[in-house]
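The values are calculated or read from the model by the stated rules, or taken from the named source; none is laboratory data. Computed from a predicted structure; not experimentally measured. Methodologically, a virtual Cβ is constructed for each residue, glycine included, from the backbone with ideal geometry; neighbour enumeration extends over all protein chains shown. We work out accessible area using only protein heavy atoms, side chains counted, and drop any ligands, DNA or RNA first. Shrake-Rupley method; radii C 1.70, N 1.55, O 1.52, S 1.80 Å.
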Amino acid sequence: MVDSKLLNEHDEVFTYHQVVSIARKISNEKTRALFVGEFLTGGRVGELVRRFRRKQIVERNIKGKKFLVLERVYTEKNPKHPRRNLPLPFEQEKELIDFFIGYADKKDAEDLLFSFSRQYAWRIIRKIVLANKEVSDKKTFNSNHFMRHSRNTDLIKRYGFSNSHLKRWHGWSNEDPAKVYEHLRESDLAEKML
């Protein structure tokens, strides 16, 4: 469960368009792909580095729409470590998908996308986030939680994800972590009634 102190720090999450804007400024293709991948999956760095291979990225038509599907994504925190498929709609996620695929397409099928350590990846993400967000206490700020919170907020606001959807997206063993986002649904309902 995410504690309330962490949520207060995250009141202003990155939107999809802010992530696109930040990604455009990152000159290193691998760094940009890691940042974008962290957002798109809403996952943990350890689910991408030293685990994710080029062959796990496929294009697929689902219900007449073009999707990029990240297949068999490892789930780090669930003790059963279920693998999950994450469908990303090209039309709505095009700019970030292009950044991610632009890097991935230079790899062979069996190649790891990111072969460096989790710690190194954390430092990369942290540096990017802190360069683009003001935080009250840099020592305790967790940029990876922030990125996950940003994506979950995006999935709820743009796609209407429910607790059950978030549970499936992340491979969580129960819906408790998703309950942190219920206030977003309540404010959206109130907004519709004005």
### Task
Work out the charge dipole of the chain with +1 on the Cβ of Lys and Arg and -1 on the Cβ of Asp and Glu about the Cα centre, then indicate which of HIS17, LEU113, PHE100 is farthest towards its positive end.
LEU113
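About the Cα centre, and with charges only on the beta carbon of Lys, Arg (+1) and Asp, Glu (-1), how big is the dipole of the stretch 1-155? Nearest 20 debye, please. Don't skip to the answer; put the middle values down first.
Numbers: 32 positive and 21 negative charges, 108 e Å.
The calculated dipole for the stretch 1-155 is roughly 520 debye.
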### Query
How long, wide and thick is the stretch 1-119, going by the Cα atoms along their three principal axes, in whole angstroms, largest first?
41, 35, 34
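Please get the size of the charge dipole for the stretch 13-64, origin at its Cα centre, with Cβ charges of +1 on Lys and Arg and -1 on Asp and Glu, quoted in debye to the nearest 20. Provide the component values of the computation, followed by the final result.
On the way: 12 positive and 4 negative charges, 47 e Å.
Rounded to the nearest 20 debye, it is 220 debye.
Which order do you get for THR15, THR75 if you rank them by accessible area with a 1.4 Å probe, largest at the top?
Largest to smallest exposure gives the sequence THR15, THR75.
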### Query
Fully extended, how many nm does the chain gain between THR140 and ARG72 (0.36 nm per residue separation, minus their Cα-Cα distance)?
21.3 nm
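Please arrange GLU134, GLU91 by accessible surface area, largest first, computed with a 1.4 Å probe and ligands excluded. Don't skip to the end; give the middle numbers.
Details: GLU134 170, GLU91 145 Å².
Output order, biggest surface exposure first: GLU134, GLU91.
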### Query
Once label points are set 7 Å from the Cα along Cα→Cβ at both LYS94 and SER115, what is their separation, rounded to one decimal in nm?
3.4
### Query
Shape of the stretch 46-194 from its Cα gyration tensor (a ≥ b ≥ c, root eigenvalues): rounded if a/c is under 1.5, otherwise prolate when a/b > b/c, or oblate?
oblate
### Task
Enter the accessible area per residue of the chain (Å², integer; probe 1.4 Å; all protein chains in place).
56
### Task
With runs of 4+ DSSP H residues as the only contributors, calculate the mean residue ellipticity of the chain at 222 nm using -39,500 (n - 2.57) per run, divided by the residue total and rounded to the nearest 500.
-15500 deg cm²/dmol
